[in-house]
Amino acid sequence: MIHQRIGASLCALTLALATFAVPSVALAEADVATDEVIASAAAEEAAVVEEASPVEENASEAAAEEVATEPAEQGPEATTPEDEAAAPADAEAEAATEEPASEDSVSEEAAEPAEDEVQLEAAAEDATAKHADGWATEAVKGGKKGYVYYRDGAKLTGYQKIAGKNYYLDDETGLMVSAATHAVSGKLALFAEDGSRVTGTGWKSIGSTWYYLTGESVASTGWQKISGVWYYFDTATGIMKCNESFVADGARYVAQTSGACPANAWVKLGNAWYLTDASSACRFGWVEKGGTWYYLDTKTGVMKCNETFKVGNSTYVANASGACPVNGWVQIKNSWYLTNGYCAVRTGWAQSGSVWYYLDPKTGVMKSDTAFVVGGKTYVANASGACPANAWVKVGKDWYLTDSSCAARTGWALDGSTWYYLSPTKDKAGVQGKMQTGLIQSGGKSYFLTSSGAMAANRFVKLSDGTERYANADGSLGGVYRKDGVYYNPDGSRASGWIKDGSKWYYIDSNGKATTGWLKVSGTWYWFDSNGVMVTGERTINGKKEYFDDSGAWIDVESVRKAIVNAAYSQIGAAYTEANDYYEKDVAFNCSGFSYWCYKEAGYTVPRKQGYYSYYWNENNKEYSQMWWVEKRGNWTTNVANLNPGDLVFFSPINDKWHTGHVGVYVGGSQMIDAFPGYGVSKRSVYQSGFVGGGSPIF
């Protein structure tokens, strides 16, 4: 029974060795030749197969099983595993002659395996665990996964030549080194992505990483000058520094995207700028270049830009280009700063040109579009930051009026001919001087300020309760008030008579209502429009042109025209004079003096300046011309048939040197009365040489 078990174990061992034989592990000739089957199988499998790199093999699980059953390579030397033992010579005979024991005859003791049987089974298991030779993918301690290489069932480590290529397998884990450098005999070797050593000299890249190989295919480290350009290679890995800032030999340097480390140059990495010196090292602190100052961080060497920063006890500011200007304005986002002669940020009051600005005493930020308090006084800065003197300044929705010191005024303030009220009350921030609108109380009286802030005077103002109160000449509300179109006295009785509302006049009847249409007051006719406002000047009423003087009194045009014509007739026979004194009643007149006198007698003034006559010859003197006033009123006509008695008629200049022209008074029937040299004051036809037109200067 014992012999049978030993024979069975040897058979199992033989099958295991035949099944799991590794290509690089061939069975050697056994010391004992009793097992010819094992020796024969080993001899048949002992062919040598060329070894390949791991990237040429399939690293998947299925491929790994395939490699185990169908070896891809055979080791150059076939050896017998040290733990493999030959089967005893008489084991097979004993197994054949021994009678099988019945189940009942086997004792519990016999059921336990013998000591030599356990050893043989252990040997068979060890032989089965041997790994196939060649490349394999493994996960080692720490979970790291990569390629390893087995030879003779053992994992190789160190510098190895496999299939004609050199590899480096980690000394501890056996993992293949790839896409990296590794020290070999004290020299830094470079290994490609497939793990094979990179040979040759010059620039070599693996992916986006660059190396430079010198003689004996050794990777350069430290500073190297290549084709006149300095580069730096990591002292541990040989990787070229590029697009980064780094420290070497205690100094900081910057490498461009190309890896170059330029001297005396600006270098940009991402959004950061650096400046190098003659040795290619980064510069730090204050640097002056081309008349412009820059500041480079004392730790990183990065140029300050578009920011404020502290150096010592002073604050400085660098614009978007990194420049730190002297006595200049710098904008950072939405904030403005002003620098002094040393590039430091100014604070407090600062004058730039003729304009005053206020810079925050802590941050240096210019005040703008705000009201602020300094020394207990309120100041205001407009949107540009200017703090003007004697000016209106708008901040948000609020208006302020400043005095000569740029401080906001308070209380009543007269600007031009208009009064404003600027609140003396301080808000939570201590600000005062906001222009007030609406109904206010001051000195025990009520006032109304319009939406523009102007104090209302001599007019009705409408309050929030719908009541319209009258603002007196001093702005105080009182006297007559109006409600629902009815005028009342302060005591509540209905008002009547003349009432002025601003520049408008009304006449209130006994019912307290404003009169409309025609109204005769104290012998004078007036006309009021549909709103009750008294009219002045020319108006078309019921299809007829009517005229009212500045007081609103109606003008009887026909009576006025008759008065002008009568005045002209009264001076026929008077002499003509060239004197600039344009008339002397019953004695002598010049032409424009005569027309002026006729209108004056009728109660109207026709503008005229001494030394000028009726006709104008340029824009500078036209307002002194009687002819221009006719044109201005729109009454000019060149057709004699359209003239009315009392109109003025004009003639072209009779003296080209002085361009004086001529004027007369039209009296109807194509006749005029004028003062003319050689004729004096006489009645003549308007069809004289040079007639240009005429019309009324007042109607």
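Before moving on, here are some points about what is shown:
- Counting Lys and Arg as +1 and Asp and Glu as -1 over every other residue whose Cβ lies under 11 Å from the Cβ of Tyr211, the net charge comes to 0.
- In this label model, Arg494 and Asp297 are separated by 8.7 nm, measuring between points 7 Å along each Cα→Cβ vector.
- For region 331-402, the Kirkwood hydrodynamic radius comes to 12.6 Å, computed from all pairs of different C-alpha atoms.
- Pair-distance profile P(r), taking every C-alpha pair of region 267-308, with 10 angstrom steps and integer %: 29, 62, 10
- Applying 1/(1 + (r/R0)^6) with R0 = 35 Å to the Cβ-Cβ distance of Thr638 and Tyr569 gives a FRET efficiency near 0.85.
- Added length on full extension, which subtracts the Cα-Cα distance from 0.36 nm per residue, Ser452 to Asn531: 26.0 nm
- Label-to-label distance for Lys145 and Arg459 is 8.9 nm, based on points extended 7 Å past Cα in the beta-carbon direction.
- Diffusion coefficient of region 231-345 by Stokes-Einstein, Kirkwood radius over Cα pairs, 10 °C, 1.306 mPa s: 106 µm²/s.
- Note: region 367-459, Cα convex hull, 104 Å³ per residue.
- Taking the C-alpha atoms of region 629-699, convex hull volume expressed per residue in Å³: 88
- Most to least packed among 418-430, 453-465 [average Cβ atoms within 10 Å]: 453-465, 418-430
- Using the Cβ-Cβ distance between Ala248 and Ala278 with R0 set to 22 Å, the FRET efficiency works out to roughly 0.85.
- Loop trypsin sites (Lys or Arg not before Pro), region 627-699, which have at most 16 other Cβ atoms in a 10 Å radius of their Cβ (DSSP): Arg633, Lys657
- Local electrostatic count, Ala514, Cβ distance below 15 Å [Lys/Arg +1, Asp/Glu -1]: +2
- Rolling a 1.4 angstrom probe over region 142-197 with all protein chains present gives an accessible area of which 43% lies on carbon and sulfur atoms.
- Only Cα sites of region 515-584 enter the Debye sum here, all with the same form factor; the resulting log10 I(q)/I(0) across q = 0.15, 0.16, 0.29 1/Å is -0.63, -0.67, -1.31, listed in q order.
- Against the empirical 2.2 N^0.38 Å (N residues), region 132-273 has a Cα radius of gyration ratio of 1.24.
- Coil-residue chymotrypsin sites (Phe, Trp or Tyr not before Pro) of region 304-350, DSSP, other Cβ within 10 Å capped at 14: Tyr342
- Protection proxy ranking, peptides 188-194, 515-521, 402-408, average beta carbon neighbours within 10 Å, highest first: 188-194, 402-408, 515-521
- The simple Förster model, with R0 at 30 Å and r as the Cβ-Cβ distance, assigns Ser227 and Trp286 a FRET efficiency of 0.30.
- Over all other residues within a Cβ to Cβ distance under 13 Å of Val267, the charged ones net out to +2, with Lys and Arg as +1 and Asp and Glu as -1.
- Euclidean distance of C-alpha centroids, region 237-255 and region 161-218, integer Å: 22
The values are calculated or read from the model by the stated rules, or taken from the named source; none is laboratory data. Here the structure is a predicted model, which is why all the values come from computation and not from measurement. Methodologically, a virtual Cβ is constructed for each residue, glycine included, from the backbone with ideal geometry; neighbour enumeration extends over all protein chains shown. With ligands, DNA and RNA removed, areas are computed over all heavy atoms of the protein, side chains included. Shrake-Rupley method; radii C 1.70, N 1.55, O 1.52, S 1.80 Å.
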